[in-house]
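A short worksheet on the structure shown next.
The values are calculated or read from the model by the stated rules, or taken from the named source; none is laboratory data. These numbers come from a predicted model, not from an experiment. The area values use the complete protein model at the heavy-atom level, side chains included, leaving out ligands, DNA and RNA. Shrake-Rupley method; radii C 1.70, N 1.55, O 1.52, S 1.80 Å.
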Amino acid sequence: ALIFFTPLRGYIQEFTAKIFAFSPSTIDEENREEVTDFTWNLKGINTSDYNFENAKGKVVFVNFWATWCPPCRAEMPAIQNLYNEYKDKVEFVFITNEDQKNVNRFLENEKYTLPSYNQYSRQPNEFNVSSIPATYILNKKGEIVIHKVGAAAWDSNKTKKLLDQLISE
(Lines give C-alpha, C1' and ligand atoms only; values in the text may rest on other atoms or scores of the structure.)
Protein backbone atom coordinates (compact mmCIF):
# COMPACT_ATOMS: atom_id res chain seq x y z
CA ALA A 1 0.00 0.00 0.00
CA LEU A 2 2.90 2.35 0.80
CA ILE A 3 4.25 1.98 -2.75
CA PHE A 4 0.96 2.46 -4.61
CA PHE A 5 -1.10 4.87 -2.53
CA THR A 6 1.23 7.49 -1.08
CA PRO A 7 3.29 10.41 -2.34
CA LEU A 8 6.35 8.25 -1.60
CA ARG A 9 5.55 6.07 -4.59
CA GLY A 10 7.75 8.00 -7.05
CA TYR A 11 10.70 8.13 -4.67
CA ILE A 12 10.45 4.41 -3.94
CA GLN A 13 10.27 3.62 -7.67
CA GLU A 14 13.25 5.89 -8.36
CA PHE A 15 15.30 4.32 -5.56
CA THR A 16 14.44 0.80 -6.74
CA ALA A 17 15.36 1.69 -10.33
CA LYS A 18 18.78 2.95 -9.18
CA ILE A 19 19.47 -0.26 -7.29
CA PHE A 20 18.60 -2.48 -10.26
CA ALA A 21 20.23 -0.35 -13.00
CA PHE A 22 22.96 -2.30 -14.79
CA SER A 23 25.08 -1.66 -17.85
CA PRO A 24 23.06 -2.35 -20.98
CA SER A 25 24.05 -5.04 -23.46
CA THR A 26 25.02 -4.37 -27.05
CA ILE A 27 23.09 -5.72 -30.01
CA ASP A 28 24.94 -8.35 -32.06
CA GLU A 29 26.26 -6.89 -35.32
CA GLU A 30 24.08 -9.10 -37.52
CA ASN A 31 20.94 -7.95 -35.66
CA ARG A 32 21.59 -4.20 -35.68
CA GLU A 33 19.05 -1.92 -37.30
CA GLU A 34 20.34 1.08 -39.24
CA VAL A 35 18.75 4.51 -38.97
CA THR A 36 18.17 5.43 -42.60
CA ASP A 37 16.32 8.74 -42.30
CA PHE A 38 17.99 11.46 -40.25
CA THR A 39 15.28 14.00 -41.11
CA TRP A 40 14.30 14.91 -37.57
CA ASN A 41 13.99 18.48 -36.37
CA LEU A 42 14.20 19.21 -32.68
CA LYS A 43 13.34 22.35 -30.71
CA GLY A 44 15.92 23.12 -28.06
CA ILE A 45 14.60 23.50 -24.53
CA ASN A 46 17.84 24.43 -22.74
CA THR A 47 19.95 24.58 -25.90
CA SER A 48 19.72 25.57 -29.57
CA ASP A 49 17.39 23.85 -32.01
CA TYR A 50 18.91 20.75 -33.57
CA ASN A 51 18.64 19.01 -36.91
CA PHE A 52 19.38 15.31 -36.50
CA GLU A 53 21.12 15.38 -39.91
CA ASN A 54 24.05 16.81 -37.89
CA ALA A 55 24.37 13.44 -36.15
CA LYS A 56 25.17 11.57 -39.36
CA GLY A 57 28.60 9.95 -39.21
CA LYS A 58 28.89 10.46 -35.45
CA VAL A 59 28.45 8.32 -32.35
CA VAL A 60 25.05 9.29 -30.93
CA PHE A 61 23.34 8.84 -27.56
CA VAL A 62 19.56 9.40 -27.77
CA ASN A 63 17.40 9.26 -24.65
CA PHE A 64 13.61 9.64 -24.43
CA TRP A 65 12.62 10.76 -20.93
CA ALA A 66 10.26 12.80 -18.74
CA THR A 67 10.58 14.66 -15.45
CA TRP A 68 7.66 12.69 -13.93
CA CYS A 69 9.21 9.29 -14.76
CA PRO A 70 10.95 7.67 -11.74
CA PRO A 71 13.24 5.38 -13.80
CA CYS A 72 14.19 8.39 -15.96
CA ARG A 73 15.12 10.39 -12.86
CA ALA A 74 16.99 7.39 -11.44
CA GLU A 75 19.35 7.14 -14.41
CA MET A 76 19.91 10.89 -14.83
CA PRO A 77 22.93 11.21 -12.50
CA ALA A 78 24.75 8.45 -14.44
CA ILE A 79 23.80 10.04 -17.76
CA GLN A 80 25.03 13.44 -16.56
CA ASN A 81 28.36 11.85 -15.57
CA LEU A 82 28.65 10.22 -18.99
CA TYR A 83 27.70 13.48 -20.71
CA ASN A 84 30.32 15.42 -18.73
CA GLU A 85 33.00 13.00 -19.89
CA TYR A 86 31.91 12.46 -23.52
CA LYS A 87 30.05 15.61 -24.60
CA ASP A 88 32.88 16.62 -26.96
CA LYS A 89 33.10 13.16 -28.56
CA VAL A 90 29.48 11.94 -28.73
CA GLU A 91 26.26 13.62 -29.86
CA PHE A 92 23.83 13.61 -26.92
CA VAL A 93 20.13 14.12 -27.68
CA PHE A 94 17.52 14.08 -24.88
CA ILE A 95 13.90 14.05 -26.02
CA THR A 96 10.88 14.91 -23.90
CA ASN A 97 7.32 15.94 -24.73
CA GLU A 98 7.04 18.19 -21.69
CA ASP A 99 6.87 21.97 -21.83
CA GLN A 100 10.02 24.08 -21.70
CA LYS A 101 9.24 25.73 -18.36
CA ASN A 102 8.75 22.43 -16.53
CA VAL A 103 11.85 20.82 -18.06
CA ASN A 104 14.08 23.83 -17.38
CA ARG A 105 12.90 23.98 -13.76
CA PHE A 106 13.73 20.27 -13.32
CA LEU A 107 17.15 20.56 -15.00
CA GLU A 108 18.07 23.65 -12.96
CA ASN A 109 16.91 22.14 -9.66
CA GLU A 110 18.91 18.98 -10.28
CA LYS A 111 21.87 20.86 -11.83
CA TYR A 112 21.72 18.84 -15.06
CA THR A 113 23.13 20.28 -18.28
CA LEU A 114 21.85 17.59 -20.65
CA PRO A 115 20.78 19.13 -24.00
CA SER A 116 17.03 18.53 -24.07
CA TYR A 117 14.60 18.91 -26.94
CA ASN A 118 10.99 18.73 -28.03
CA GLN A 119 10.26 17.24 -31.43
CA TYR A 120 9.28 19.45 -34.37
CA SER A 121 8.89 16.35 -36.51
CA ARG A 122 8.51 12.62 -35.96
CA GLN A 123 11.56 10.63 -34.87
CA PRO A 124 13.13 8.07 -37.21
CA ASN A 125 11.06 4.88 -37.46
CA GLU A 126 13.90 2.86 -35.93
CA PHE A 127 13.35 4.70 -32.64
CA ASN A 128 10.31 2.68 -31.66
CA VAL A 129 9.51 4.18 -28.27
CA SER A 130 6.67 2.59 -26.36
CA SER A 131 7.96 3.16 -22.83
CA ILE A 132 10.42 5.52 -21.16
CA PRO A 133 13.20 5.85 -20.46
CA ALA A 134 14.26 4.55 -23.85
CA THR A 135 17.88 4.97 -24.91
CA TYR A 136 19.65 4.32 -28.19
CA ILE A 137 23.36 4.42 -28.94
CA LEU A 138 24.28 4.65 -32.62
CA ASN A 139 27.65 4.00 -34.19
CA LYS A 140 29.07 6.22 -36.95
CA LYS A 141 27.31 4.12 -39.61
CA GLY A 142 23.94 4.92 -38.00
CA GLU A 143 23.46 1.40 -36.66
CA ILE A 144 21.70 0.97 -33.33
CA VAL A 145 24.32 -0.65 -31.10
CA ILE A 146 22.27 -0.38 -27.90
CA HIS A 147 18.53 -0.08 -27.41
CA LYS A 148 17.64 -0.05 -23.73
CA VAL A 149 14.22 0.48 -22.18
CA GLY A 150 14.35 1.25 -18.46
CA ALA A 151 17.03 2.72 -16.24
CA ALA A 152 20.66 1.78 -16.78
CA ALA A 153 24.08 2.53 -15.30
CA TRP A 154 25.21 4.66 -18.23
CA ASP A 155 28.45 5.82 -16.62
CA SER A 156 29.76 2.27 -16.17
CA ASN A 157 33.19 1.24 -17.41
CA LYS A 158 31.48 -1.15 -19.84
CA THR A 159 29.56 1.72 -21.49
CA LYS A 160 32.63 3.96 -21.59
CA LYS A 161 34.68 1.18 -23.19
CA LEU A 162 31.98 0.75 -25.85
CA LEU A 163 31.84 4.48 -26.56
CA ASP A 164 35.64 4.65 -26.82
CA GLN A 165 35.56 1.76 -29.30
CA LEU A 166 32.77 3.36 -31.37
CA ILE A 167 34.57 6.71 -31.41
CA SER A 168 37.80 5.11 -32.64
CA GLU A 169 36.11 3.22 -35.53
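Summarise the accessible area of the range 96-169 (1.4 Å probe, protein heavy atoms) by the percent that is carbon and sulfur. Provide the component values of the computation, followed by the final result.
Working: 1660 of 3860 Å².
Result for the range 96-169: 43 percent of the exposed heavy-atom area is carbon or sulfur.
For the range 55-162, what is the convex hull volume of the alpha-carbon atoms per residue, in Å³? Before the final figure, lay out each step's value.
Values: hull volume 10.9 nm³, N = 108.
Spread over its residues, the Cα hull of the range 55-162 gives 101 Å³ apiece.
Output wanted: per-residue J couplings in Hz (rounded whole) for the range 154-167, from phi through Karplus 6.51 cos²θ - 1.76 cosθ + 1.60, θ = phi - 60°, x for Gly and Pro.
Taking θ as phi minus 60°, the curve returns 6, 9, 6, 4, 4, 5, 5, 4, 4, 4, 4, 5, 5, 5 Hz for the range 154-167.
Helix-only mean residue ellipticity at 222 nm, the chain, DSSP H runs n ≥ 4 weighted -39,500 (n - 2.57), per residue, nearest 500. What is it? All intermediate terms of the calculation are to be shown ahead of the outcome.
Details: 4 runs with 51 residues, N = 169.
Mean residue ellipticity, 222 nm, calculated: -9500 deg cm²/dmol.
Sort S48, S121 by accessible area with a 1.4 Å probe, largest first. Could the numbers behind the result be given before it?
Numbers: S48 85, S121 40 Å².
Output order, biggest surface exposure first: S48, S121.
To the nearest 10 square angstrom, what accessible area does W65 show with a 1.4 Å probe?
Counting only protein heavy atoms, the figure is 10 Å².
Please go through the residue pairs K56/K160; K87/K160; K101/K148; K58/K101; K58/K111; K87/K161 and name each one whose alpha carbons sit more than 23 Å apart in this structure. Don't skip to the answer; put the middle values down first.
On the way: K56/K160 21 Å; K87/K160 12 Å; K101/K148 28 Å; K58/K101 30 Å; K58/K111 27 Å; K87/K161 15 Å.
Cα-Cα > 23 Å for K101/K148; K58/K101; K58/K111; rest within.
Mind checking the per residue accessible area of the range 35-131 for me, 1.4 Å probe, whole number of Å²? Please report the intermediate quantities before stating the final value.
Details: 4650 Å² over 97 residues.
Heavy-atom SASA per residue in the range 35-131 reads 48 Å².
Would you kindly state how much longer the chain becomes between S168 and T36 on full extension, computed as 0.36 nm times their sequence separation minus their alpha carbon distance, in nm to one decimal? Could the numbers behind the result be given before it?
On the way: separation 132, 0.36 × 132 = 47.52 nm, distance 2.20 nm.
So the extension gain works out to 45.3 nm.
With a 1.4 Å probe and all protein chains in place, put V149, V59 in order of accessible area, largest first. Kindly include the intermediate steps, with their values, before the conclusion.
Numbers: V149 70, V59 5 Å².
The residues order as V149, V59, largest area first.
Please state the relative contact order of the range 55-106 as a whole percent: Cα pairs under 8 Å, 6+ residues apart?
On the way: 37 pairs, mean separation 28.9, N = 52.
Reported as a whole number, the value is 56 percent.
Starting at the first residue of the range 102-116, write each ³J(HN,Hα) from the Karplus equation 6.51 cos²θ - 1.76 cosθ + 1.60 with θ = phi - 60°, in whole Hz, x for Gly and Pro.
5, 5, 4, 4, 4, 4, 5, 4, 8, 6, 9, 10, 5, x, 10
Restricting to bridges with both residues inside the chain, how much of the DSSP beta-bridge set is antiparallel, in percent to the nearest 5? Present the calculation step by step, with values, prior to reporting the outcome.
Values: 16 of 23 bridges.
About 70 percent, rounded to the nearest 5.
Would you work out the relative contact order for the chain, in percent, from Cα pairs under 8 angstrom that are 6 or more residues apart?
Across the chain, relative contact order equals 35 percent.
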